[in-house]
Amino acid sequence: MQVFLQQLINGLHLGATYALIALGYTMVYGVLRLINFAHGDIFMLGAYAGLFAAVILGVTQSASWGAVFPVILMAMAICAVVGMAIERFAYRKLRTAPRLNALITAIGVSLFLEYGGQLPPMIRIDGFDFPFGAQTKTFPTGILPPTQITTGTGLSLSAVQVLTFVVTLVLMVGLNAIVRRTRIGVAMRAVSADREAAALMGIPTDRVILFTFALGSALAAAAGVLYALDKPTIDPLMGLYVGLKAFVAAVLGGIGSIPGAMLGGFVLGLTETFVAGYLASSWRDAIAFGILILILIVRPTGILGSSVREKV
């Protein structure tokens, strides 16, 4: 029983990362009906932005809970700006183009971020290189105190797991509050329902879409920092597989559904962890993409997704 509960905690920890990234996929799809395949690379940029923030703030060895939150916030701000730039210069002019054009552009932006980051470093700031170079880098885990919480039943939670659960809970509650209780959230839902009608009603659709990209990119950045603290090696291609799995989570929960993205992330994280723990670790990737195939066959709209009729 103790082993099962420990696997459950590990699965929820992994699922929280997937959920934060999947939210970006599902929000952009909900507003633009676009699969932003560059989103996984925003997750990668978030990890590097966290490294940059830790170096600039001088907290790489602070071992303090108070130091990690400015690092996460700075990484979120940097990636929010990057996300807005991607929307403005890569996607905006393609809104009326065939969807295939936007999909190809998304793949191109993804490749640009992945392989542009592998160029030889041209700028160095206190040991931080930009571009990042092809070599892996070690994320400064010394930001966090070496805390290990052990319950009376023998279960243990690391400092990274505690931080991940706290940050994920705060961000998800905050996202729900933004979407449900603010004017920009109402505008996002209106644009998601009918962009043309929302524009006719005076809603600034460009600003709403820009905000959606910024918000989704910020969530992916937080996931990147949390993931890097746990691993703790980072490289320019780290967003490839993690981003694809988060996309699977978004489809599993119902692409376009915010609660579905959260649910899909946790379900996928738990599934991978239990498969690796009780069957074989080499099966975890096969199971993840097997779930994608199965859900597309059995229920293409996902667990919480709903069918939408389109006029042809």
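General observations
- Residue in the stretch 257-277 that is part of a loop (DSSP other than H, G, I, E, B) and surrounded by fewer than 23 Cβ atoms within 10 Å (Cβ to Cβ) present: yes
- Residue that is surrounded by the most Cβ atoms within 10 Å (Cβ to Cβ), among those in the stretch 200-236 that are more than 17 Å from I178 (Cα to Cα) and among the β-branched types (V, I, T): V225
- Total residues in the stretch 108-129 satisfying the condition of being surrounded by 13 or more Cβ atoms within 10 Å (Cβ to Cβ), free of Cβ contacts under 8 Å to residues at least 40 places away in the same chain and within 29 Å of S62 (Cβ to Cβ): the figure is 1.
- Residue check, Q2 surrounded by fewer than 20 Cβ atoms within 10 Å (Cβ to Cβ) and either within 24 Å of T141 (Cα to Cα) or among the charged types (D, E, K, R) (or both): no
Yes or no, residue by residue, for (1) modelled with pLDDT under 95; (2) farther than 18 Å from F139 by Cβ; (3) more than 20 Å from the chain's Cα centre (by Cα); (4) crowded, with 24+ Cβ neighbours inside 10 Å:
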position: L34; (1), (2), (3), (4): yes, yes, no, no
position: F37; (1), (2), (3), (4): yes, yes, no, no
position: A47; (1), (2), (3), (4): no, no, no, yes
position: A63; (1), (2), (3), (4): yes, no, yes, no
position: R92; (1), (2), (3), (4): yes, yes, yes, no
position: A97; (1), (2), (3), (4): yes, yes, yes, no
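- Failed criterion for V160 (all others in (1) farther than 15 Å from Y227 by Cβ; (2) touching a Leu at 6+ places or on another chain (Cβ under 6 Å); (3) assigned to a helix (DSSP H, G or I) hold): (1)
- Within the option set I72, I78, I42, I104, being exposed (fewer than 15 other Cβ atoms within 10 Å of the Cβ) and assigned to a helix (DSSP H, G or I) holds for one residue only, I104.
- Test result for V59, among the β-branched types (V, I, T) and surrounded by fewer than 19 Cβ atoms within 10 Å (Cβ to Cβ): no
- All conditions but one from (1) in contact (Cβ under 8 Å) with a residue 24 or more places away in the chain; (2) under 28 Å from G11 (Cα atoms); (3) out of contact with any helix residue (DSSP H, G or I) (no Cβ under 9 Å at 6 or more places or on another chain) apply to V173; the one that does not is (1).
The values are calculated or read from the model by the stated rules, or taken from the named source; none is laboratory data. In this text the structure is predicted, and so the values were computed from the model without any measurement. Reconstructed Cβ throughout: ideal geometry from the backbone, glycine too, with neighbour counts over all protein chains shown.
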